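As structure tokens, the structure follows; a few thoughts come after it.
The values are calculated or read from the model by the stated rules, or taken from the named source; none is laboratory data. In this text, all values refer to a predicted model and were calculated from it rather than measured experimentally. Note: ideal-geometry Cβ built from the backbone for every residue, glycine included; neighbour counts use all protein chains shown. When the accessible area is computed, the model is the full protein with side chains, heavy atoms only, and any ligands, DNA or RNA have been set aside. Shrake-Rupley method; radii C 1.70, N 1.55, O 1.52, S 1.80 Å.
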There are 2 protein chains.
Amino acid sequence: MPERSRVRAPQQDRSRITRQLLLETTIDSLAAQGWVATTVGSVARQAGVSRGAAQHHFPTREDLITGALEYMGEKRLIQAREAAGAVPDGTDRPYAVARLIVDFYTDELFKAALHVWTAAASDEELRARVLPFENRFSREVFGIAMGLLGADREDSDARRAVQATLDLARGLGLADLLSDDSARREQVVEFWGRQLAALAPAAP
Amino acid sequence: MPERSRVRAPQQDRSRITRQLLLETTIDSLAAQGWVATTVGSVARQAGVSRGAAQHHFPTREDLITGALEYMGEKRLIQAREAAGAVPDGTDRPYAVARLIVDFYTDELFKAALHVWTAAASDEELRARVLPFENRFSREVFGIAMGLLGADREDSDARRAVQATLDLARGLGLADLLSDDSARREQVVEFWGRQLAALAPAAP
């Protein structure tokens, strides 16, 4: 028994590592090279994996790309929950929440996702695969932000303030796509943190 | 009169009309079919213009697409200035301003531009062509909103409130890309109109 699992395990490990490598390479490729350049073949090449092995894991480009979005999204949510736990109580908390949400939507994953969303806008099949995950992802981030602000779900203004924060963050992510917008963004986040402080209780 | 002008400048007119038709078809094609499908050939075909005539006006795809963004952007700015003139004074003015800005970033032109921006993110040459116009466009919209709110350019919070409104509007535009987000958007705009009212003077 132990003999058998010892033989089996490294193969499972290799398979899992190959899969992760392909998914992470896909996000890098989307963010840096865009939709057109990101194919199973090009990702396999960049990851140093044979095309056959890549196609064993992801038979189609859509499998690879939606798989990558989900994998990285889940990983980002775990990071966000960890970061949420480290947000200090006190008067700076609303700013820290704005900061966390905006950071969430201005990273490589957001840039990769932008390429997928625009492709999905004119591809019904891809849209049907991407939308359920994107909706769930937004709900999770919304829940994290509401929790951090100690906001009451019955309070419609608090809900809208948090929704607006997510929309603002996506807009700031978009504004960072073609040039480094970090200096201006920092001012907007500082401003927004003060608005949130006036709207929502500062600590749970 | 129309008879005479038709005789006098028919070639110039035809050329101008062909050009406009190509530019408008490009925006429609980008918004509905995306970047990959929008080529000089496909746009000429959809516009009912010969490929040669299209290439006379726009030798490359980049010429056509950046030309279309600029042409439609200028047209949209004229519309926005007209709409700005019609915004009533009074307590609803901040809401009307939020509404106007958000409408500005949730139309077909915005969806078309999104496809160009994501393509430009991984194409340095296209980015260099698109950025100056996009920056000028944002400055113009910012100026329209500042004027509408009677905001003082020396007031850094008013400036940031208006910048945040533009970012929020872009985020709402993005949220509308994959599914109809109009009901949720309406709530966020109503909420933000009230925040603007508290932040900026209601009338010039």
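Does residue A:96 satisfy being farther than 26 Å from residue B:38 by Cβ, part of a helix (DSSP H, G or I) and either in contact (Cβ under 8 Å) with a residue 60 or more places away in the chain or within 10 Å of chain B (Cβ to nearest Cβ) (or both)?
yes
Output the number of the condition that residue A:140 fails; it satisfies all remaining conditions of (1) within 12 Å of chain B (Cβ to nearest Cβ); (2) among the acidic types (Asp, Glu); (3) more than 26 Å from residue A:37 (Cα to Cα).
The failed condition is (1).
Condition first: open to solvent by 40 Å² or more (accessible area, probe 1.4 Å) and small (Gly, Ala, Ser). Now tell me which residues in the stretch A:132-149 satisfy that.
Listed by number, the list holds a single entry, A:147.
Test residue A:129 against the stated conditions and say whether it is open to solvent by 60 Å² or more (accessible area, probe 1.4 Å) and in contact with an Asp or Glu (Cβ under 9 Å, 6 or more places away or on another chain).
yes
I'd like the full set of residues that are under 26 Å from residue A:138 (Cα atoms) and open to solvent by less than 30 Å² (accessible area, probe 1.4 Å), limited to the stretch A:32-78.
A:34, A:38, A:58, A:64, A:65, A:66, A:67, A:68, A:69, A:73, A:77, listed by residue number.
With respect to residue A:108, determine if the residue is out of contact with any helix residue (DSSP H, G or I) (no Cβ under 9 Å at 6 or more places or on another chain), within 14 Å of chain B (Cβ to nearest Cβ) and open to solvent by 20 Å² or more (accessible area, probe 1.4 Å).
In short, no.
Would you please list the contacts, defined by Cβ atoms under 7 Å and residues six or more apart or on different chains, that run from a residue in the stretch A:118-147 that is more than 15 Å from residue A:167 (Cα to Cα) to a residue that is β-branched (Val, Ile, Thr) and assigned to a helix (DSSP H, G or I)?
Every condition considered, the pairs that remain are A:118/B:118; A:120/A:130; A:129/A:66; A:130/A:66; A:130/A:116.
Return the residues of the stretch B:33-71 that are outside any loop (DSSP other than H, G, I, E, B), among the polar types (S, T, N, Q) and touching a helix residue (DSSP H, G or I) at 6+ places or on another chain (Cβ under 7 Å); say none if nothing qualifies.
Those that are outside any loop (DSSP other than H, G, I, E, B), among the polar types (S, T, N, Q) and touching a helix residue (DSSP H, G or I) at 6+ places or on another chain (Cβ under 7 Å): B:42, B:46, B:55, B:66.
How many residues are at the interface with chain B (Cβ under 7 Å from one of its Cβ atoms) and part of a helix (DSSP H, G or I) when one looks only at the stretch A:115-129?
Within the stretch A:115-129, residues that are at the interface with chain B (Cβ under 7 Å from one of its Cβ atoms) and part of a helix (DSSP H, G or I) number 7.
Restricting to the stretch B:130-150, and then to whatever is assigned to a helix (DSSP H, G or I) and over 16 Å from the mean Cα position of the chain (by Cα), can you tell me which residue is farthest from residue B:195 (Cα to Cα)?
B:147
Could you tell me which of the residues B:53, B:32, B:44, B:37 is among the aliphatic types (A, V, I, L, M), within 14 Å of chain A (Cβ to nearest Cβ) and more than 18 Å from residue B:126 (Cβ to Cβ)?
B:32 is the lone residue from the list that is among the aliphatic types (A, V, I, L, M), within 14 Å of chain A (Cβ to nearest Cβ) and more than 18 Å from residue B:126 (Cβ to Cβ).
Got a sec? Which of A:48, A:90 is at pLDDT 95 or above and on the phi > 0 side of the Ramachandran plot?
None of the other options fit; the residue is A:48.
Please find, among B:118, B:165, the residue that is farther than 22 Å from residue B:81 by Cα, buried (at least 23 other Cβ atoms within 10 Å of the Cβ) and touching a helix residue (DSSP H, G or I) at 6+ places or on another chain (Cβ under 8 Å).
From the options B:118, B:165, the qualifying one is B:118.
Could you tell me how many of the residues in the stretch B:81-105 are surrounded by fewer than 19 Cβ atoms within 10 Å (Cβ to Cβ) and under 22 Å from residue B:23 (Cβ atoms)?
Qualifying residue count for the region: 4.
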